[in-house]
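First comes the structure, then the notes that go with it.
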Amino acid sequence: MTERTFSIIKPDATRRNLTGKVNTVIEDAGLRIVAQRRIRMSRAQAEKFYEVHKERPFFGELVEFMMSAPVVVQVLEGENAVARYREVMGATNPAQAAEGTIRKLYAESVGENSVHGSDSLENAKLEMVQFFTEADIVG
Ligand code: CMP
């Protein structure tokens, strides 16, 4: 089934000028970038986006990190896009990520792990609307 998922290229990757390299892995995996914008996340945006993690010990650090440099927010489209993108990203901790995945190739640590991808179709929709309107998405 054709789906859309939400992606963020994180500050550790934009800082190292890796946006194009990450996008190449995404496109080579058969996913289409149907919306994309480079932004500076505000504290309010970062705190809302990671609200589910607000009780975690790393929440403050995570919010500061997401504000520390530009991010690239994206909508990806393709067959089973949610699961496909999670495969392409690799495990959250790059030490456990499979060969060829974005995190194995580029991530620096479990916190500075280069990309975010939605973990379900429901969350993909909730995350997308925080950064895009339907008119921004051109399939
Ligand atoms: P992401 O997929 O964006 O969802 C939650 C994020 O929290 C995760 O990627 C990591 O960037 C971050 N994270 C998860 N575990 C840790 C940790 N132990 N220390 C710091 N950051 C973490």
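What follows is calculated from the coordinates using simple rules that are stated; it is not laboratory data. The model shown is predicted, which means the values in this text are computed figures rather than measured ones. Quick reminder, even Gly has a Cβ in these numbers, built from the backbone with ideal geometry, and neighbours come from all protein chains shown.
Divide the volume of the convex hull around the Cα atoms of the chain by the residue count and you get 100 Å³ per residue. Structural descriptor for the chain: relative contact order 38 percent, calculated from alpha carbon pairs under 8 angstrom and at least 6 residues apart. Here's the picture: charge each Lys and Arg Cβ at +1 and each Asp and Glu Cβ at -1 in region 1-117, and of 45, 2, 91 the one pushed furthest to the positive end of that dipole is 45.
Give 21/104; 54/125; 21/48; 104/125 a once-over and call out the pairs whose C-alpha atoms are over 22 Å from each other. Intermediate results must be reported in sequence, preceding the final value.
Numbers: 21/104 13 Å; 54/125 20 Å; 21/48 28 Å; 104/125 27 Å.
Going by Cα-Cα distance, 21/48; 104/125 fall outside the 22 Å limit.
Using Cβ point charges alone (K and R +1, D and E -1), the dipole size of the chain about the Cα centre works out to roughly 380 debye. Across region 66-97, the residues whose backbone nitrogen lies under 14 Å from the label position 7 Å along the beta-carbon direction of residue 36 are 71-77.
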